[in-house]
Amino acid sequence: MIEVYTDGATNEKIGISGAGVFIKANGKTYELSYPLPKMSNHEAEFTAVLKAIEFCEEKFSNEILSFHTDSQIVVDAIEKHYVKNSLFKPLLEKIMEKVTLFPYFFIKWIPSKHNTHADRLAKKAIHMQQK
């Protein structure tokens, strides 16, 4: 089973966002930071999950995925296959399409204090754009 931790971050002052992905797989860890354009924090959270799924699609096809995020809205949307906000719908649709490629996909909400690796990577993605 592949353990995946995701987080999104937005710096509204400078108008940029980032996605962080921390993966534990087969005795190895992967740390991924994705610079993102200006978007809401929730959009960054959905995008982080999507980026993580795309990475897993390349590296871990046919594996069981266990995702963890501190975004309750993302967890609820994925579990219900529904989101009201029209900004999130295309992201949710892509996520739902991609997860069908894996035998099992689980997502669980965790407190922010248990998601520090992904948070650090999301903030790193923002700092990468400031240079």
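The values are calculated or read from the model by the stated rules, or taken from the named source; none is laboratory data. These numbers were taken from a predicted model, which means no experiment stands behind them. Ideal geometry is used to build each Cβ from the backbone, glycine not excepted, and the neighbour counts take in all protein chains shown. Remember, those area values only see protein heavy atoms, side chains included, never the ligands or the DNA or RNA. Shrake-Rupley method; radii C 1.70, N 1.55, O 1.52, S 1.80 Å.
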In whole percent, the fraction of accessible protein surface over the chain that belongs to carbon or sulfur atoms, probe radius 1.4 Å, stands at 51
Using a/c under 1.5 as the rounded threshold, could you call the stretch 27-121 rounded, prolate or oblate? The axes a ≥ b ≥ c are square roots of the C-alpha gyration tensor eigenvalues, and prolate needs a/b larger than b/c, oblate otherwise.
rounded
In whole percent, what relative contact order does the chain give with Cα contacts below 8 Å and a gap of six or more residues?
36
Given axes a ≥ b ≥ c from the Cα gyration tensor, I'd like to know whether the stretch 70-113 is rounded (a/c under 1.5), prolate (a/b larger than b/c) or oblate.
oblate
For K123, go through the aspartates and glutamates and keep the ones whose alpha-carbon is under 17 Å away, minus same-chain ones fewer than eight residues off.
D7, E12, E31, E43, E45, D70
A 31 angstrom limit on the alpha carbon distance is what I want to check against. Which of K28/K89; K28/K84; K38/K94; K13/K59 exceed it?
K28/K89; K28/K84; K13/K59
Just to confirm the filter: which trypsin sites (Lys or Arg not before Pro) across the stretch 1-69 are DSSP coil and have at most 14 other Cβ within 10 angstrom of their Cβ?
K13, K38
Keeping all protein chains in position, work out how much accessible area M128 exposes to a 1.4 Å probe, and write it in Å² to the nearest 10.
90
Chymotrypsin sites (Phe, Trp or Tyr not before Pro) restricted to DSSP loop in the stretch 1-90 with at most 15 other C-beta within 10 Å
Y82
Computed lengthening from K123 to M96, 0.36 nm per intervening residue step minus Cα-Cα distance
7.1 nm
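Within a Cβ distance under 15 Å of F22, other residues only, what is the Lys/Arg minus Asp/Glu net charge?
Charge balance in the 15 Å sphere: +3.
Per residue, what accessible area does the chain have, given a 1.4 Å probe and all protein chains present, in Å²?
55
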